Amino acid sequence: MKKEHNIKLSFNDNLNTHSLKRIVGYYYEAYIELDNKFENMTEDDYSKIMFAKIEKAKTEKERDKIAEEYAKNMKKHYPLTKPYSTLSFNNQVNKLNGYIEFKFEDIENQFELPLLDFISYDLNNINEYIIFFINYFDLVMDKLDKKDLDKIKLNTLYEIKFISELAKKYYDKIVNDVKKMQTIFKICIDLVYQLKINDYTKDLTKNLTREQRFFVFNQVNNKPFKEIANNFRTIDSLDYNYDYIDTKIPEVIVAIIKTIDPEGKEISQKYEYETNNLYTAFYIILYNIISIKNWHIKICGNCGRYFLTQKENVSYCERIVSKNETCKDIGNKEYQKRKQETDNTYRKYRTIGTRKKTRASRNPEIDIYQKDLEQFRKIGKQMYKDVCDGKISNEKFAKWVEEQDK
């Protein structure tokens, strides 16, 4: 494989979706014969070719033959149930006996951002490092010697054990640079979204917008993105588009628009970029999502990884951590368990609060009672929220409540 990068990124401002075309690593449980013709062609592209052939067919017999060929190839090369999957954090590479294919593919995402997965990898864990090596081959291929890189071709199956050994061989050459970029993106995201930062920084920046916090990050840290921020070119960015309209007949176009989008709310502007650096694509993704007010980056209360959500009070991501459960499923179970455990404690907390309120009301001239009530409410409310979110134990909350019973 040549050390060439042809990464394409597009952003649809109406749907808030990112489409990223890059090298993707897929895992196959069993070996199958791959056909490069179809591996290099999307399902949509193939369909357009075959529909065009059907339209040009001169006889019904010829049309039926093309349709039969189309149906056969769709079933074989573009099945509804894919014979491959993407490896995730919960996969144990040393227990897998399948194959890896590297494929240049365009994948559209909204909340499953490759940037957030990238910064969530623990590269001190060899299992996660190997999965990272497979899933982000664009970032590691430049570190491979030509001899080893020449052993890898796109659209070809390789035993996962071979890829794993190759990844281990280059661990020391890869991880330092990757960890550096992980840290830069993490610190930026933590500040912008008020995550893992100290109380002083949180108080200092809490009334700023996300864009303003992004500016603060760049200024304070001497613009750490400067080497990648401009490493791209734009393509056809000044255009309005309907993805589902593919005809040049004006009467048909207008009829579809009047039926589907009479108020003009669904027409979108797509911004497209090309770059030879996946970090630049990550930077563009981050730059775009910061401005979306109802999107929030959070850290999962179960797996500890970053995720994107539209709900600010969500504490768990929807990554699959076992065959039948996601972090959200586990979080809901833990929440219900904690809620049951805290019911008695919470009732006592409310009883004490009522007693303090009564004492403050009957003695308005004594400031210490009013201050005691305000502090009790402020600390208690936060502690109860933290115990429900799993940030502190019920025992810690119960101990604090007991200390207030005086």
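The values are calculated or read from the model by the stated rules, or taken from the named source; none is laboratory data. Computed from a predicted structure; not experimentally measured. Backbone-built Cβ (ideal geometry, glycine too); neighbour counts: all protein chains shown.
If you filter the stretch 17-33 down to residues that are crowded, with 20+ Cβ neighbours inside 10 Å and of a type in the set (A, V, I, L, M, F, W, C), you find that the one that is farthest from S164 (Cα to Cα) is L20.
The residue pairs whose first member lies in the stretch 207-230 and is closer than 18 Å to D177 by Cα, whose second member is surrounded by 13 or more Cβ atoms within 10 Å (Cβ to Cβ) and not charged (D, E, K, R), and whose beta carbons are closer than 6 Å, counting only pairs six or more residues apart or on different chains, are P224/I184; F225/Y283; I228/N277; I228/Y279; I228/T280; I228/Y283; A229/Y283.
Scanning the stretch 299-312 for residues that are at pLDDT 90 or above and either among the aliphatic types (A, V, I, L, M) or within 18 Å of L208 (Cα to Cα) (or both) turns up I299, L308.
Checked against (1) on the phi < 0 side of the Ramachandran plot; (2) outside any helix (DSSP H, G or I), F214 passes all but condition (2).
Condition check: surrounded by fewer than 19 Cβ atoms within 10 Å (Cβ to Cβ), assigned to a loop (DSSP other than H, G, I, E, B) and in the same structural domain as D106 (by TED's automatic domain parsing). Does K258 satisfy that? Considered against the rule, which asks whether it is surrounded by fewer than 19 Cβ atoms within 10 Å (Cβ to Cβ), assigned to a loop (DSSP other than H, G, I, E, B) and in the same structural domain as D106 (by TED's automatic domain parsing), K258 comes out as no.
Considering the stretch 239-291 alone, what residues qualify as being within 30 Å of L308 (Cα to Cα) and of a type in the set (K, R)? Once the filter is applied, which keeps residues that are within 30 Å of L308 (Cα to Cα) and of a type in the set (K, R), the stretch 239-291 yields K265, K270. Every condition in (1) without any contact (Cβ under 8 Å) to a residue 12 or more places away in the chain; (2) crowded, with 17+ Cβ neighbours inside 10 Å holds for T351 except the one numbered (2). Looking only at residues in the stretch 159-181 that are aromatic (F, W, Y) and farther than 18 Å from K3 by Cβ, the one that is surrounded by the fewest Cβ atoms within 10 Å (Cβ to Cβ) is F162.
Exactly one residue out of Y316, Y271, Y287 is of a type in the set (F, W, Y) and in a helix (DSSP H, G or I): that is Y287.
When G304 is tested against (1) on the phi < 0 side of the Ramachandran plot; (2) more than 13 Å from the chain's Cα centre (by Cα), exactly one condition is not met: (1). Can you find even one residue in the stretch 209-231 that is assigned by TED's automatic domain parsing to the domain that holds L139 and in contact with a strand residue (DSSP E or B) (Cβ under 6 Å, 6 or more places away or on another chain)? Yes, because at least one residue in the stretch 209-231 is assigned by TED's automatic domain parsing to the domain that holds L139 and in contact with a strand residue (DSSP E or B) (Cβ under 6 Å, 6 or more places away or on another chain).
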